[in-house]
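Read the structure below first, then the notes.
The values are calculated or read from the model by the stated rules, or taken from the named source; none is laboratory data. Just so we're clear, the structure is a prediction, and the values are computed from it rather than from any experiment. All Cβ positions, glycine included, derive from the backbone under ideal geometry; neighbour counts span all protein chains shown.
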Amino acid sequence: MIAARVYIELIAENLGLAIANLQLQDRLANLAVKDPLTGRLNRRSLDENLNRLRREATDLPRCADDDRHRPFQAMTRAISL
């Protein structure tokens, strides 16, 4: 009976440590992309998002050369630089 209780206590302790570990990993992942003081995205996150947008912009088809599409073309050129 005592051995079963000790075993259950060990399982409960390990589960508590696993939950605390997951919470710390989540906090660390959040701190990796957000400034802790302002809560805004940091430079690393900005760079990753811009790189993703550049890759997506190169996959877009070229627009026709008329006045309606010039702002879009200028934007995609600026992103892909």
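Close contacts from the range 52-64, counting a first residue that is farther than 14 Å from Ala78 by Cβ and a second that is part of a helix (DSSP H, G or I) and modelled with pLDDT of 60 or more, with Cβ to Cβ under 6 Å and a gap of 6+ residues or different chains, come to Cys63/Phe72; Cys63/Gln73. Total residues in the range 1-39 satisfying the condition of being surrounded by 10 or more Cβ atoms within 10 Å (Cβ to Cβ) and closer than 30 Å to Ile79 by Cα: the figure is 7.
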